[in-house]
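Remarks on the structure that follows.
The values are calculated or read from the model by the stated rules, or taken from the named source; none is laboratory data. Please read all numbers here as calculations on a predicted model, not as lab measurements. For neighbour counting, all protein chains shown are included, and Cβ atoms are generated from backbone atoms with ideal geometry for every residue, glycine included. Just the protein is used for accessible areas: all its heavy atoms, side chains included, with ligands, DNA and RNA removed. Shrake-Rupley method; radii C 1.70, N 1.55, O 1.52, S 1.80 Å.
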Amino acid sequence: MHTIAKRSNLVMLVGTLMGSGLACGPLPAATTTTDGTTETSSTTTSTGTGTNTSTAPTSTTSTSDTTTSDTTTGGSCLEFETSERPEEEGLPVQFTCGHTTVVCPSNGVAGLFSFEGPPESEETVSTEDLSRVHCLIEALRDRVIGEVSFELSWPVLGSDRVTLEIAGEFVISRREVVEDFNYEYAEAALWLESGKVFALCRGQNTASAAWGCLRPYILVDTQQLKCVAGPLVCE
């Protein structure tokens, strides 16, 4: 009887110890906040498919051709227009490479090209200085560094002056039209077409063919020509 009682007490003791061991297992980590309360944290594993909201968004600058809300592309076309007369005499030049060497000097004839109406609406053109027209076409063909200045003659109550600054593979076109009380000035940097294009114009040996070749540069047709993007880089 005493032996059986001792074994029963031993079994009860082992069971008690085992139960105590289970109750002493690991508990969630506890942290104390600044207000004195205790919070329980748990550990999680990220799969990489979620969005990290703890990192502040950043803005980037790119020179790619794509523009987004937080991406800035390269420079825009170098072009300028104004209807305000300059306070001082002379063209209000905005872009220049400083190529002021005179190319194809005038022999005294005021207008290089003559029209019956505004050049924008006229296809028929004549000239009193065909040799100078040829010189200009050849200068653009051969990329002669320098500046050509001339006028467009038509029934304007003022003047229509053009300057082409040839700067290697591109040209800076400037046009100032003064008509009575109206003033318009436009300027743009444009990439030159291949020398073959100007060679074909020169080969036709007429003022009309030359004007057809020069028109996009003088009246600035960016649908036909590619503009030069800033910043301006000169040769």
Where in region 173-213 does the label zone of Glu123 land, with the point 7 angstrom along Cα→C-beta and an amide N cut-off under 20 Å?
201-202, 204-213
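So how strong a dipole does region 185-235 carry about its Cα centre when Lys and Arg Cβ are +1 and Asp and Glu Cβ are -1, to the nearest 20 debye? Please report the intermediate quantities before stating the final value.
Working: 4 positive and 4 negative charges, 41 e Å.
It comes to approximately 200 debye.
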Rounded to 0.05, the calculated FRET efficiency for the beta carbons of Glu81 and Leu157 at R₀ = 22 Å is 0.60
How much accessible surface area, in Å² rounded to 10, belongs to the heavy atoms of Glu187 with a 1.4 Å probe?
0 Å²
